[in-house]
């Protein structure tokens, strides 16, 4: 039981990170119906900017961890959003109205280009991030097994909850959120009613990138090591999360993220850590076969 | 030929636009490019290596480039050309820049700018020439020539290539490599180009074929020619097993599932030590034999070498030439098979399904079965190519079957123009041949590769030789031959 609880705590932490990335996939899919394959790379770039940000903070002598984390989160969100914006502007916007697979192929191109760009300018070796937050406390002990919660895990879950709350408010209550939902329902009609569709789509990418950057920061703090290739696997898993939750649904993305975290951690804990990625991909295939609309998604009606 | 997005801008707004682009570039680069993290000593720490000078030069180039593009778009060609030439000169000059890459960056920016500025003229000239009566004839001959003649010319060249004076070790190696990708491209073309199914895990079937041959030959002593059909069958079976449940899905879901499947196969190969020997791979795989004779200096016990059989002195290149003809043959089989299939009902159904799935359902075509045949046939050819690869390399490991391999094959198909057979050949020569010749591109190769994929989608979504016309039409439109 203690072991189970411990794994559950670890799973929720990991799931929170996947959930944050998954939101970017789900929003973009909801609004323009494309899989933004380069989203994982934006997450990776967010992690790199965070690494550099933490190093600058320690150079400037910012010793207090909370201040450094908030600063780095803001920097990573701001500068990763520029990547999100630029990718949409340069690689996806010119393709609107092209054949159906064109944006996806373009996105694969962006993904390859960004990976190699970071590899070229930052080197291929894994980058140790150092420990920013350490310590934790014992939740309870059972049969001589301590269930520990680290401060880091609490920070990760708290940041995720705050961001998710803010984000839900943004989509549900602000005019940006209304425009976003209007475009999601019917882009042409929204344009006729005076919604600047291009701007709204750009903002969707910016928001998704900002959340992915937060996930990058949290990932760096949690694992302590990043390299230019982390975006691929994390991106695929987050996409799986988005599909599992029901693509296009925001609570679905978060739920899917948590489930993927749970599956991965428990698979590694109870079966074998070698096949944990296979488990994630297997789940993706199974979900798509048996419930293509995901857990919380709406069935898609095909129109001619 | 003015870009409609850029109206007649006054100078100040052009400058503002260029400045904004430069600002975005600065924001993109400031952290990732400006602060390079490097390992310090033996400790597990990192330190910064600052690259602000490089970033500064790059931003200036981007500013000027954007300005030049605006000028070109407004029709002010000469200033744009002058700017481009100045950039090329600056890049080629011995001027001291912080890194060698920047020379290339500046010069390439200039080249692109000049091309952009000259493009409307070239375009006009081509169109004007095509409008004259002789031009129409030339145009028609041109398309038919590309459609039919060029294929035969290339085939002729490919057949005589080993007997030409350039056929040294390096060229033959490259030839074999290019032909392998041509074959893979043609195989994937059935799935992506004809049936319109985006398969991002094609390399999985390639891996199945390679491991089938490697395992059957090293553990059960089967020869290349015996395993070749088996490998194709294994790969096709995998294709059917995977395809059956997932082919009902929409296009982009299918893409992701195939990608997932590609990764699963690779992870299983890595982790299943007892069966596949894991990341260490399988070595000493026997090469293909010619009527039972091996390509080696000394024959194994009870065997015969090819040089003994033919009574010629041994030379290492004979093996390569033999491999070259095998892959040429396999590729041609793929091509002829595809050309034939396109004229059969199932091939027509593939193309119809690509054009409009709903209409196909209404006409009584079973989409799942039709897609499944395309998927299985494509997988089979990947299996053939895989076992050839294992026989050629004599060593395989999971390293050779990563996602990037699928992406390369896919971009060959896309660049060639989905569905175009000759386009695949040209794209394979371009994407595989050129980077091999220009080894110094090194790490920049994949960067250029990714950018090229984006640029092709933006500027030529139909590929170099766009050919997505169905083979059969109710009302034939005037068009070139079938590629």
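The values are calculated or read from the model by the stated rules, or taken from the named source; none is laboratory data. Computed from a predicted model, the values in this text were never measured in an experiment. Positions of Cβ are generated from backbone atoms using ideal geometry, with glycine treated the same way; all protein chains shown enter the neighbour counts.
Screening residue B:68 against (1) modelled with pLDDT of 85 or more; (2) within 32 Å of the chain's Cα centre (by Cα) leaves a single unmet condition, (1).
Among the residues of the range B:453-463, the ones that are buried (at least 18 other Cβ atoms within 10 Å of the Cβ) and either modelled with pLDDT of 80 or more or more than 8 Å from chain A (Cβ to nearest Cβ) (or both) come to 7 in all.
For the range A:245-277, the set of residues classified as within 11 Å of chain B (Cβ to nearest Cβ), farther than 18 Å from residue A:20 by Cα and not in a helix (DSSP H, G or I) consists of A:272, A:273, A:274, A:275, listed by residue number. Checked against (1) over 22 Å from the mean Cα position of the chain (by Cα); (2) under 24 Å from residue B:167 (Cβ atoms), residue B:361 meets all criteria but (2).
Residues that are loosely packed, with under 13 Cβ neighbours inside 10 Å and either touching a residue at least 12 places away in the same chain (Cβ under 8 Å) or facing another protein chain (nearest Cβ under 10 Å) (or both) within the range A:101-141 comprise A:124, A:131, A:134, A:135, A:137, A:140, A:141, listed in sequence order. Applying the set (1) within 28 Å of residue B:27 (Cβ to Cβ); (2) buried (at least 19 other Cβ atoms within 10 Å of the Cβ); (3) modelled with pLDDT of 80 or more to residue B:81 leaves exactly one unmet item: (1). Return a yes/no flag: does the range A:122-139 have any residue that is in a helix (DSSP H, G or I) and closer than 29 Å to residue B:252 by Cβ. There is no residue in the range A:122-139 that is in a helix (DSSP H, G or I) and closer than 29 Å to residue B:252 by Cβ. For the range B:215-243, filtering for residues that are surrounded by fewer than 16 Cβ atoms within 10 Å (Cβ to Cβ) and within 14 Å of another protein chain (Cβ to nearest Cβ) leaves 1. A count restricted to the range B:275-289 and to residues that are surrounded by fewer than 19 Cβ atoms within 10 Å (Cβ to Cβ) and outside any loop (DSSP other than H, G, I, E, B) stands at 4.
Selection of the range A:31-66 for residues being more than 9 Å from chain B (Cβ to nearest Cβ) and within 20 Å of residue A:160 (Cβ to Cβ) yields A:39, A:40, A:42, A:43, A:44, A:46, A:47, A:50, A:54, A:65, A:66.
Pick out the one residue from B:344, B:310, B:323, B:329 that is within 31 Å of the chain's Cα centre (by Cα), closer than 23 Å to residue B:159 by Cα and without any contact (Cβ under 8 Å) to a residue 24 or more places away in the chain. Please lay out each step first, then the result.
Numbers: B:344 fails: closer than 23 Å to residue B:159 by Cα; B:310 fails: within 31 Å of the chain's Cα centre (by Cα); B:323 fails: without any contact (Cβ under 8 Å) to a residue 24 or more places away in the chain.
Exactly one of B:344, B:310, B:323, B:329 is within 31 Å of the chain's Cα centre (by Cα), closer than 23 Å to residue B:159 by Cα and without any contact (Cβ under 8 Å) to a residue 24 or more places away in the chain, namely B:329.
Using the structure shown, decide if residue B:426 is touching a helix residue (DSSP H, G or I) at 6+ places or on another chain (Cβ under 7 Å) and either away from chain A (no Cβ under 12 Å) or surrounded by fewer than 22 Cβ atoms within 10 Å (Cβ to Cβ) (or both). Considered against the rule, which asks whether it is touching a helix residue (DSSP H, G or I) at 6+ places or on another chain (Cβ under 7 Å) and either away from chain A (no Cβ under 12 Å) or surrounded by fewer than 22 Cβ atoms within 10 Å (Cβ to Cβ) (or both), residue B:426 comes out as yes.
For the condition part of a helix (DSSP H, G or I), in contact with a helix residue (DSSP H, G or I) (Cβ under 9 Å, 6 or more places away or on another chain) and at pLDDT below 80, residue B:150 qualifies. The residue of the range A:72-100 that is surrounded by the most Cβ atoms within 10 Å (Cβ to Cβ), among those that are farther than 21 Å from residue A:115 by Cβ and either at the interface with chain B (Cβ under 7 Å from one of its Cβ atoms) or touching a strand residue (DSSP E or B) at 6+ places or on another chain (Cβ under 8 Å) (or both), is A:94.
Out of A:234, A:215, A:280, A:242, which single residue is touching a residue at least 24 places away in the same chain (Cβ under 8 Å), within 14 Å of the chain's Cα centre (by Cα) and within 12 Å of another protein chain (Cβ to nearest Cβ)? Let's see the steps before the verdict.
Working: A:234 fails: within 12 Å of another protein chain (Cβ to nearest Cβ); A:215 fails: within 12 Å of another protein chain (Cβ to nearest Cβ); A:280 fails: within 14 Å of the chain's Cα centre (by Cα).
It is A:242.
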